[in-house]
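Below: the structure, in structure tokens.
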Amino acid sequence: MHTQVNNITIGYSDQGTGLPIVFLHAFPLNRTMWATQERLLSSQFRIITIDLRGHGESDAPLWRYTLEQSAEDVSALLDHLRIQRALFVGLSMGGYILFAFYRKYAARVKGLILADTRAQADTVEGIEGRFQMAQIAHKRGPAAIADIMIPKLLSPATVQTKPELVQQVRAMIENTQISGIAGDLMAMAERPDSVPLLRQITSPTHIIVGELDQATPPSDARLMAEQIPHACLTIIPQAAHLANLEQPEAFNQIISTFAFNLKK
Ligand code: MLT
């Protein structure tokens, strides 16, 4: 499905009925990374997956990107769908966008699941790495970004034993436009430190991290769990950064249990 928000086309999917659960994907992927969550959870909940600006079936304008703008796109899409409040699941960049969303639209957040993400801003070296990666995308295209990203997104065991999953992730990256890749890199580079926000989060929150996640390791997850009031933390074994794809059953179980408790 598609709709116009904030002067661009946004691609999304809306399946099932009940408590709305909104999924925000990682960089540089798209909403199809949530296919298993959508298939298995839409029998119990209303599952909304969104192609963030720059990804999948959404427009990827050649322009400045910010995470606040992506948060505004999400809010406008919820208006279009007549959803006032929802449970939000954000993985990695999706989590960064949830911090921006929470700053502006806390009243719309019934609950938060922050997966394989971090509250800290980029370091100076991290920002430099973003600009180098944007240059690589510009000069060598998204396939070069896939070569760099896949070992960061998936565990060595997954890379060796699950070629279809690796291919699925590669295809998502290779189908992302350069304007979206570079736009996101700049947006992530300039995102603010969200650590001071953590203590102000009053929505029920669950934090998930793959035990082998090197991009946003368990230490980052622990920091969020310590600072967000009453937050819970689950470390998923045998998963790296894309825990929802590497261990979908464990990931879905956490979402389902959290969502049922929210409904009570
Ligand atoms: C992601 O998975 O969204 C990225 O690894 C986030 C990042 O580069 O900081």
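The values are calculated or read from the model by the stated rules, or taken from the named source; none is laboratory data. Here the structure is a predicted model, which is why all the values come from computation and not from measurement. All Cβ positions, glycine included, derive from the backbone under ideal geometry; neighbour counts span all protein chains shown. The accessibility values were calculated without ligands, DNA or RNA, using every heavy atom of the protein model including side chains. Shrake-Rupley method; radii C 1.70, N 1.55, O 1.52, S 1.80 Å.
For this structure, a couple of remarks:
- The stretch 39-186: C-alpha pair distances exceeding 24 Å, %: 39 percent
- Other-chain or far-sequence residues with amide H under 5 Å of L24's (modelled H): V89, G90, L91
- Cut-off under 5 Å, modelled amide H: who pairs with L154 long-range: H241
- Here the alpha carbons of the chain define both size measures, Rg and Dmax, at 16.8, 52 Å.
- Residues in the stretch 94-99 carry Karplus couplings, in order, of x, x, 4, 5, 5, 5 Hz; the curve used is 6.51 cos²θ - 1.76 cosθ + 1.60 with θ = phi - 60°, and Gly or Pro positions show x.
- Nearby lysines by direct alpha-carbon distance to K162 (threshold 19 angstrom, same-chain neighbours under 8 apart not counted): K152
- Of the trypsin sites (Lys or Arg not before Pro) in the stretch 136-244, the ones in a loop by DSSP (not H, G, I, E or B) with at most 11 other beta carbons within 10 Å are R199.
- Rounded, prolate or oblate (a/c below 1.5 giving rounded, otherwise prolate when a/b exceeds b/c) for the stretch 1-123 by Cα gyration tensor: rounded
- Descending principal axes extents, the stretch 122-248, alpha-carbon based, whole Å: 44, 35, 22
- Every helix of 4 or more DSSP H residues in the chain counts as -39500 (n - 2.57), and over all residues that averages to -14500 deg cm²/dmol at 222 nm.
- The GluC sites (Glu not before Pro) found in the stretch 193-249 that occupy coil by DSSP, while having at most 16 further C-beta atoms within 10 Å, are E211.
- Averaging the Cα positions of each part gives two centres, and for the stretch 198-238 and the stretch 120-171 these lie 23 Å apart.
- What the stretch 53-188 shows is 43 Å² of accessible area per residue, with the surface traced by a 1.4 Å probe over protein heavy atoms.
- Pairs of Cα atoms in the stretch 17-69 fall into 5 Å distance bins, from 0 up to the last occupied one, in shares of 4, 20, 25, 21, 14, 10, 5, 1 percent.
- Of all beta bridges that DSSP places with both ends in the chain, some 25 percent have antiparallel geometry.
- In sequence order, calculated HN-Hα J values of the stretch 73-85 (Karplus, 6.51, -1.76, 1.60; Hz; x Gly/Pro): 4, 4, 5, 5, 5, 5, 4, 4, 8, 6, 10, 7, 10
- Taking the centroid of alpha carbons for each part, the stretch 1-48 and the stretch 174-189 are 20 Å apart.
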